[in-house]
Amino acid sequence: MMIYPNFYQTWDVISVLLSKEVKLRYRGTALGILWSLANPLAFTAVLYIAFRRVLQVNIENYPLFILSALFPWQWLSNSVGSASMLFISNSALIKRLPFNKAALAVALVLNDMIHFCITIPLFTVFLVISRDRGPSLNWLVGIPILLVTQTLLTLAIVIVLATLNALLRDLDQLVRVVLLLLFYVTPVLYSASMVPKNLEWLLFANPFSPLMISWRALMMDNDLSPYIVVAVGHACLSLLIAIPVFRRTEWKLAELV
Amino acid sequence: MEAGRARMRQVLVLEKVTKEFRTYHHYHAGLKAFVVDPRQIMRHRERDRFLAISEVSFAVYSGETFGILGRNGAGKSTLLSMIAGVLRPTFGKISVHGRISPLLELGVGFTQELTGVENVLINGVLLGLRKKEIEAKLPEIISFSGLGSFIDQPLKTYSSGMQIRLGFAIAIHVQPDILLVDEVLAVGDAEFQEKCFTRIADLQRAGVTIVLVSHNLNTVETLCDRAVWIDKGRIVTLGSPQEVVARYQSEIAHLVATQKSASASV
């Protein structure tokens, strides 16, 4: 089936860019891909001490609780965090070769997705050790749905940020600040149920919350949360914004970066 | 001769192609400038335009080698970028029939940390090939590059000459219908240049259309079937390479002479 004439070629472009990124990220390091785990694990240890021991947050299995949302958050924030410089740092390619620039964004998001997928088995091991309970069949349904949803949402955001930052270079700084804020507004360190009623709108206004809530419900309690529907909605909506923005600007990128 | 050409297939047609650049420094001033004084920015928007190419029209015929000649900043590379599809003309139209391989710079997207083979795959796909096509051509590319066992080493261990050889080897094996070449023939040692010229002659015989940008008059005269001279974004002359080169040379000589007399009188 031909979706558009260069579909397969564009897919090849994505695949070579992706394999390049995967090969490069940990090339030359002794621990290699294990570094993907080190960061959230160390962070969780700190948070465990700060929130569970010092502030005495009353949540069962707190380290596991954090990790269930922190792993997917890491994927999201890595992709979104590097989005704004995406086209600028690839200016050599963009200025000299006519290819679909969205391929760069897809490769970026898939790369971080792969690194997230590596954390799932580790999480499962922790889960079995600490709770005597493993994954259920719901994972087979939930994980693919959430993977696709988060890929699409992240992709939309990455494309918009990468495009706009070619026009307004301030965006890179702004994104860092906003990501930091969003981390605390999204229920990663606390559960959605702890949010007071009058602040609940924050959970819905923020496109990342429904995803993180759904991941946690699935990974911790084997539940397919209704928030999945909200997450899918957010993903579709952001694509509806991202696609026209990108279509209108793509041809100009070679002049801007 | 013109009548004969009319029966040949046009593979690349430029109709009144014009390229205007806006200078984007107002955007680079960033959000602050925009918030502080948006009107100032809008004024810049209207004023800061630069006409890089103005109403350029020509057609390139199948199998022909077409030269684009001009001084630095004349608009040659802008023109080539538009033909390659990297830039879009502000006005006018460019129609291309067939696969274009843009050789605007050798080794675009080369990654120093990856091996030669890995870079060949990436570069080939970015040049428009399918992955399996470039994999099939791998042995040929490696042998043309003459890199031997170095091909499995990271690029950072290569000399700049070796990288250029690899870049050229890839570009020339992608089998385009139209090959765009931007000054890249000026690189490499004499032996490798010879190899490149031989390969270009092979491509010419195989019927590949070549558009060549150069300021080497000799290259244009020996390789091209026709040439165009571009100055300040406009066509000055279009015709046989001998004609164009002769006119170019006399004009440049004239220019140098006037500059000399001008500086002498000061």
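The values are calculated or read from the model by the stated rules, or taken from the named source; none is laboratory data. Everything numeric in this text was worked out from a predicted model, so none of it was measured. Every residue, glycine among them, receives a Cβ derived from its backbone with ideal geometry; neighbour counts consider all protein chains shown. Heads up: the accessible areas ignore ligands, DNA and RNA and are worked out on the full protein's heavy atoms, side chains in. Shrake-Rupley method; radii C 1.70, N 1.55, O 1.52, S 1.80 Å.
I need a count of the residues in region B:213-264 that are within 22 Å of the chain's Cα centre (by Cα), at pLDDT below 85 and not polar (S, T, N, Q).
Residues flagged as within 22 Å of the chain's Cα centre (by Cα), at pLDDT below 85 and not polar (S, T, N, Q) within region B:213-264 amount to 1.
In region A:165-236, which helices (runs of 4 or more DSSP H) lie fully inside it and hold 2 or more residues that are more than 17 Å from A:Phe71 (Cα to Cα) and either touching a helix residue (DSSP H, G or I) at 6+ places or on another chain (Cβ under 6 Å) or touching a residue at least 12 places away in the same chain (Cβ under 8 Å) (or both)?
Fully inside region A:165-236 and qualifying: A:171-185, A:200-205.
Checking the structure you have, find out if any residue of region B:58-71 is surrounded by fewer than 23 Cβ atoms within 10 Å (Cβ to Cβ) and in contact with a Gly (Cβ under 8 Å, 6 or more places away or on another chain).
yes
Scan region A:228-242 and give yes if some residue there is buried (at least 16 other Cβ atoms within 10 Å of the Cβ) and within 14 Å of another protein chain (Cβ to nearest Cβ), otherwise no.
Within region A:228-242 (the criterion being buried (at least 16 other Cβ atoms within 10 Å of the Cβ) and within 14 Å of another protein chain (Cβ to nearest Cβ)), the answer is no, since none of the residues qualifies.
Considering region A:82-92 alone, what residues qualify as being assigned to a helix (DSSP H, G or I) and surrounded by 20 or more Cβ atoms within 10 Å (Cβ to Cβ)?
Within region A:82-92, A:Ala83, A:Leu86, A:Phe87 meet the criteria.
Quick one: A:Thr186 ticks every box in (1) within 30 Å of A:Ser130 (Cβ to Cβ); (2) open to solvent by 30 Å² or more (accessible area, probe 1.4 Å); (3) modelled with pLDDT of 90 or more except a single one, so which number is it?
(2)
I'm checking my understanding of the structure. Among residues of region A:8-59 that are within 11 Å of another protein chain (Cβ to nearest Cβ) and of a type in the set (A, V, I, L, M, F, W, C), which one is surrounded by the fewest Cβ atoms within 10 Å (Cβ to Cβ)?
The residue in question is A:Leu24.
Part of a helix (DSSP H, G or I), within 13 Å of another protein chain (Cβ to nearest Cβ) and under 19 Å from the mean Cα position of the chain (by Cα) - does that describe any residue in region B:172-187?
yes
Exactly one condition in (1) over 28 Å from B:Ser159 (Cβ atoms); (2) open to solvent by 40 Å² or more (accessible area, probe 1.4 Å); (3) within 9 Å of chain A (Cβ to nearest Cβ) is not met by B:Leu87; state its number.
(2)
Counting only residues that are over 14 Å from A:Phe99 (Cβ atoms) and either open to solvent by 10 Å² or more (accessible area, probe 1.4 Å) or assigned to a loop (DSSP other than H, G, I, E, B) (or both), how many does region B:119-134 have?
Total meeting the criteria: 3.
In region A:61-70, is there at least one residue being in contact (Cβ under 8 Å) with a residue 40 or more places away in the chain, in a loop (DSSP other than H, G, I, E, B) and buried (at least 17 other Cβ atoms within 10 Å of the Cβ)?
Checked region A:61-70: no residue is in contact (Cβ under 8 Å) with a residue 40 or more places away in the chain, in a loop (DSSP other than H, G, I, E, B) and buried (at least 17 other Cβ atoms within 10 Å of the Cβ).
Filter region B:135-162 for residues that are more than 12 Å from chain A (Cβ to nearest Cβ), open to solvent by 70 Å² or more (accessible area, probe 1.4 Å) and more than 22 Å from B:Gln193 (Cβ to Cβ) and give the result.
If the condition is that a residue be more than 12 Å from chain A (Cβ to nearest Cβ), open to solvent by 70 Å² or more (accessible area, probe 1.4 Å) and more than 22 Å from B:Gln193 (Cβ to Cβ), then B:Ala136, B:Pro139, B:Ser149, B:Asp152, B:Gln153 are the ones that fit.
If you check every pair at least six apart or on different chains, which have Cβ atoms under 8 Å apart with a residue in region A:90-110 that is more than 9 Å from chain B (Cβ to nearest Cβ) first and a residue that is open to solvent by 10 Å² or more (accessible area, probe 1.4 Å) and not in a helix (DSSP H, G or I) second?
That search, which allows pairs on different chains as well, returns A:Ser91/A:Val257; A:Asn100/A:Asn6; A:Leu104/A:Asn90.
Return yes when A:Ile159 is under 20 Å from A:Tyr62 (Cβ atoms), modelled with pLDDT of 90 or more and out of contact with any Lys or Arg (no Cβ under 7 Å at 6 or more places or on another chain) and no when it is not.
Here the answer is no, as A:Ile159 does not meet what is asked.
When you scan region A:52-59, do you find a residue that is in a helix (DSSP H, G or I) and charged (D, E, K, R), even just one?
Yes: one or more hits.
For residues that are within 21 Å of A:Leu24 (Cβ to Cβ), touching a residue at least 12 places away in the same chain (Cβ under 8 Å) and not in a loop (DSSP other than H, G, I, E, B), tally how many sit in region B:139-161.
Qualifying residue count, region B:139-161: 6.
Please determine whether any residue of region B:105-118 is more than 7 Å from chain A (Cβ to nearest Cβ), in contact with a Gly (Cβ under 6 Å, 6 or more places away or on another chain) and either part of a loop (DSSP other than H, G, I, E, B) or within 15 Å of A:Leu93 (Cβ to Cβ) (or both).
Scanning region B:105-118 turns up at least one residue that is more than 7 Å from chain A (Cβ to nearest Cβ), in contact with a Gly (Cβ under 6 Å, 6 or more places away or on another chain) and either part of a loop (DSSP other than H, G, I, E, B) or within 15 Å of A:Leu93 (Cβ to Cβ) (or both).
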